[in-house]
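Each remark here refers to the structure printed beneath this line.
The values are calculated or read from the model by the stated rules, or taken from the named source; none is laboratory data. Computed from a prediction, not measured in an experiment: that's the story for all the values here. Glycine also receives a Cβ, built like all others from the backbone with ideal geometry; neighbour counts cover every protein chain displayed. These area figures cover heavy atoms from the full protein model, side chains too; ligands, DNA and RNA do not enter into them. Shrake-Rupley method; radii C 1.70, N 1.55, O 1.52, S 1.80 Å.
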Amino acid sequence: MKQYVIDQIQPEDRVRLQAELEARFGAPDLGGIYWLPLDGERLNPLQAAHQDCHPLCVALELCEERLVCELLIRTRQRMRCDCMGYADSRQRGWIMDTLDDILAGLDIKI
């Protein structure tokens with residue numbers, strides 16, 4: 001699995017990060033999984049055409065000392081679909097920038 005991992009998160013920063021993720025994305029699913037919806041401007045043509053699959057998301061898992069982001073764009077509507085796949089370079093950049101902006105907004109230094 002391709003992932004973007006931010007590790008060495010301090011316990012006090014984890015508490016603030018968890019609160020921010022819940023405020024932005026709602027309560028986590030099993031195991032601390034949050035869903036970051038992909039910005040509609042970042043969808044490729046196939047993803048944009050699959051309206052029944054929206055919102056397309058990436059999974060964020062908040063662990064004790066790290067935040068793990070899968071770089072797999074997926075739908076929560078189906079198990080498999082042609083519109084699912086690894087983020088392209090433009091999408092990866094947006095995902096990483098979004099997470100980095102969240103950390104910066106909380107003044108979490110990694």
Sorted by accessible surface (1.4 Å probe, heavy atoms of the protein chains only), largest first, Lys109, Lys2 come out as Lys109, Lys2
Heavy-atom accessible area of Arg16, protein chains in place, probe 1.4 angstrom, given in Å² to nearest 10, is 90 Å²
To the nearest 0.05, the calculated FRET efficiency linking Ala23 and Asn44 through their beta-carbon distance, R0 being 30 Å, is 0.55
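Per residue, how many Å² of accessible area does the chain show with a 1.4 Å probe? Mind showing how you got there, number by number?
Numbers: 6500 Å² over 110 residues.
Result: 59 Å² of accessible area for each residue.
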Tell me the label-point distance for the pair Gln3, Arg16, using the 7 Å Cα-to-Cβ offset, in nm and rounded to one decimal.
2.4 nm
Tell me the accessible surface of Glu61 in square angstrom (1.4 angstrom probe, heavy atoms of protein chains only), to the nearest ten.
70 Å²
As a test of the definition: which semi-axes, in Å, follow for the chain when you take the square root of five times each eigenvalue of its alpha carbon gyration tensor? Largest first, please.
25, 14, 12
Cys63 versus Asp97: modelled label distance in nm, points set 7 Å from Cα along the beta carbon direction:
2.8 nm
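Starting from the range 1-64, pick out the chymotrypsin sites (Phe, Trp or Tyr not before Pro) whose DSSP state is loop and whose Cβ has at most 11 other Cβ atoms within 10 Å. Could you put the intermediate results ahead of the total?
Values: sites: Tyr4, Phe25, Tyr34, Trp35; in loops: none.
Loop-located and lightly packed - none at all.
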